[in-house]
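The values are calculated or read from the model by the stated rules, or taken from the named source; none is laboratory data. Owing to the predicted nature of the structure, the values given are computational and were not obtained by experimental measurement. Neighbour counts run over all protein chains shown; Cβ positions are idealised from the backbone, glycine included. These accessible areas exclude ligands, DNA and RNA; they are computed on the full protein's heavy atoms, side chains included. Shrake-Rupley method; radii C 1.70, N 1.55, O 1.52, S 1.80 Å.
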Amino acid sequence: MQLLLPNVYSLLLMLALVSCLFVVWMAYRRTQRPIARRLGTMLLGAAISIFGILINQTVPEFDQKRLTLVVIYLGLALLLWGLPLFALEYAGMVDRTGRRIRVFMAIEPVLLVLVAATNDWHYLLWSGYDTIQIGTIVQVRALFGPLFWVHAVYAYLVLLFSTGLFLRVLVQARGNRRIQSALALVGTVMPWAANLAYLVDWTPIDLTSIGIVITGLAYSVGVVRYHLFDLTPIARDAVIDVMDDGVVILDNEHRIVDLNQAARSILRLVKEPVGIPVTDLIPQLDPIRDSGHEDHPIVQIHEKVYEVHLSPLRYANRWAIGQLIILRDVTLAQQAQAAIQAERDFALQVMNNMGQGLSVTDKDLRFIYVNPAYGRITGFSPQEIVGRTPYDFTPEEDLESLRISIERRRAGETSSSEGRIKRADGSIMETLITGVPRFKNGVYDGAIAVITDLTSQKQHEDELRQARDEAMQASNMKSVFLATMSHELRTPLTAIMGYAELQLAGITGPLNSEQQEYTDRILANSKHLLTIINQVLDISKIEAGKLELANVAFKPCLLLDEVLRQTASLIGEKPIELQGECVGFSEELYGDPDRLRQVLLNLVSNAIKFTNTGCVRIHISKPDEHGWQMIVQDSGIGIPAESLDFIFDEFRQVNTAATRQHEGTGLGLAIVRKLVRLMGGEVRVTSEVDHGSTFTVSLPLKLKPLEVPVSMHSG
């Protein structure tokens, strides 16, 4: 093979080959990135085509030159396959560059290679050969066949599709990405524009090689200067532009190369900032940048606060090519931190000024914090207490109780108990200690304890205990006095009533009308006085716990009959109807019929006393299988609502004009409630002034006798 002397055209072809191979080499170093593989494939095809053209110029034999056409079309096939895939990848349409689209885009290039390799059999791609001379170089070119034009239409459709994608990115891009897009657009369009000029006979020679020179140079600049592989648009669109954080990319001179939309909003930019020193927009970064901070300094931009993250950008992990600045909005975090700090300060102020002692211990029981009040309780300063344990302030005889409380806290329980603390002067202080466990990640991490000085409380309790004892002694003395006096009064009173009854019976002789009247008054007042004395005795026995209840069988309906007979005489001449009803009892009950009769007599006599006309109704029933009731209902004067709260209190009476005209001590209803409660029941009252009252006694149903009689002690 005899090489001919190179001319300018050959030099251009060699320059194009070198630039394309350089980009292919750079892409080969980054084959893990899809965009690098696509661009490498495309420019490898361009390099093969240029190599075929150079061989066409250098070999002397015609048959050899003719074979180089197959090499040229092989390169064109690779170029047509890699170009649309690279454009799709660069435009961020990753999902469209899957295996199916790659296979689809390879159909025409594969067919093109097959047709070119077998053209001498069918002459469909080129119909013949022609030679042109460029200076001293003779080049064989093909005469276009029918399939060539089909191939040309497909090739320019691919070109238009790829160019449209690059234009779309160019319009939407900013900064460094826009420059990348412009270089990709120029590198793609130029060889095809030169080829189009040749096809329409604007130039006598094919200038596609010159366009490929420009392509190689454009992509070389894009790779070397604008990091086409290192800052891909896909990453930018998928990550940087959608980030809430502001991202600013600087070159080695700290000038802005690119920034995302969030950074533009943060800086409130009006004009394009690419090429402007970053300190013109963020002056606070100047000292940070120069001092080489490795932490994350805080800067204020307009009304918000941002945390600055600075990272170097390196090419191939070696050469520094710039800086990455991330601005993270921490305004809310700063406000929250300030609020937390304010809460901590407030809590610390509360703890330091509270009257109770407060301590915090770690998992080894050592104090890590005590408030001043705890120091005053122990007699030590807080500084002297921190680092010690509760065992150092506990008397020896209380150590076991302290150990039990600590074990309860370790088990997750809150402990609260009275304990003693050994003070600095050796004295012992009574306290209430409440401990709450602290857990960290589910593991016991210590406790918080509140210590209350019980000295004053203990003194007060002693005073109350003494007062209670004195009051109980006085109450017992009162009960003894009342019982004694009642017995002393009841003995002569019984004699008076006996003599009065003898006189009224005429045993001592006949009485005139005046004597008869005086004797009746003596007997009536004596009976009233005896009732009062019996009530006082009952109250005294109940309060002294000496009143025992019988436990015998009785029939509630017979009890009702007895009460009706005994109270019928109380009506006198009043227009009152006394009614009684007993339902639901088929068996005997067990209890104290005498005390039940006393309860019912008190309620019925009160009803008759305060009813001037109408009806007094007694209803005894068994509403369920667990209890029975005695209900006394009247149509009398009623009880004011404000008096219902104390109607059952001792010596309390409703203070109205209607009640003051009736005699009474205010003990009847008090005895009723005490007796009913002693029987395990309850008494309730409902009333309305001028519409009467209803007293309901609810008692447990006892069908079997109790083994132990009920008293105030056992009931």
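Count Lys and Arg as plus one, Asp and Glu as minus one, and take only other residues whose Cβ is under 14 Å from that of Ile571; the net charge is then +1. Of the whole protein surface, Met477 contributes about 120 Å² of accessible area at a 1.4 Å probe radius. Using a probe radius of 1.4 angstrom, the carbon and sulfur fraction of the accessible surface of region 371-433 is 48%.
Based on the Kirkwood radius over alpha-carbon pairs, what is the Stokes-Einstein translational diffusion coefficient of region 376-444 at 10 °C with 1.306 mPa s viscosity, in µm²/s? If you can, show how the numbers build up before the last one.
Working: Rh = 13.1 Å.
Answer from the Stokes-Einstein relation: 121 µm²/s.
Looking at region 556-649, the DSSP beta bridges with both ends there are about 45 percent antiparallel. For Thr394, the amide hydrogen comes within under 5 Å of the amide hydrogens of Lys422, counting only partners 5 or more places away or on other chains and with H modelled in the peptide plane. Couplings 3J(HN,Hα) for region 105-120, derived from phi with the Karplus relation 6.51 cos²θ - 1.76 cosθ + 1.60 (θ = phi - 60°), are 5, 8, 4, 5, x, 5, 4, 4, 5, 5, 5, 5, 5, 10, 4, 5 Hz, where x marks Gly and Pro.
Taking amide H positions as modeled 1.01 Å from N, with prolines and chain starts lacking one, the residues under 5 Å from Gly627 and 5 or more places away or on another chain are Leu701. Computed with a 1.4 Å probe over protein heavy atoms only, the accessible surface of region 36-75 comes to 36 Å² per residue. In order along region 330-346, the Karplus-derived 3J(HN,Hα) couplings, from 6.51 cos²θ - 1.76 cosθ + 1.60 at θ = phi - 60°, round to 10, 4, 5, 5, 5, 5, 5, 5, 5, 5, 5, 5, 5, 5, 5, 4, 5 Hz, and Gly and Pro are given as x.
With all protein chains kept in place, the per residue accessible area of region 373-426 amounts to 56 square angstrom at a probe of 1.4 angstrom.
How much net charge surrounds Leu432 when only the other residues with a Cβ under 15 Å from the Cβ of Leu432 are counted, with Lys and Arg +1 and Asp and Glu -1? It would help to have the intermediate numbers written out before the result.
Numbers: positive: Arg420, Lys458; negative: Asp398, Glu418, Glu430, Asp453, Glu461.
Summing Lys/Arg as +1 and Asp/Glu as -1 gives -3.
Measuring between alpha carbons in the structure, the pairs from Lys555/Lys622; Lys555/Lys674; Lys609/Lys702; Lys674/Lys702; Lys304/Lys440; Lys622/Lys674 lying more than 24 angstrom apart are Lys609/Lys702; Lys304/Lys440. Over all other residues within a Cβ to Cβ distance under 11 Å of Ala449, the charged ones net out to +2, with Lys and Arg as +1 and Asp and Glu as -1. Here region 434-469 is scanned for amide nitrogen atoms under 14 Å from the site 7 Å beyond the Cα of Asp364 along Cα-to-Cβ, giving 446. Taking all protein chains as they are arranged and a probe of 1.4 Å, the heavy atoms of Leu703 leave approximately 80 Å² accessible to solvent.
Residues Val158, Val113, Val153 ordered from highest to lowest accessible area at a 1.4 Å probe: Val153, Val113, Val158.
Take the Cβ atoms of Leu332 and Leu269, set R0 to 25 Å, and the FRET efficiency comes out at 0.60. For Glu463, the accessible area of its heavy atoms, probed at 1.4 Å with every protein chain present, is near 120 square angstrom.
Couplings 3J(HN,Hα) of region 378-395, computed from phi: 7, x, 9, 7, x, 5, 6, 8, 4, x, 8, 10, x, 4, 6, 10, 10, x Hz, in residue order, whole Hz [Karplus 6.51 cos²θ - 1.76 cosθ + 1.60, θ = phi - 60°; x for Gly and Pro].
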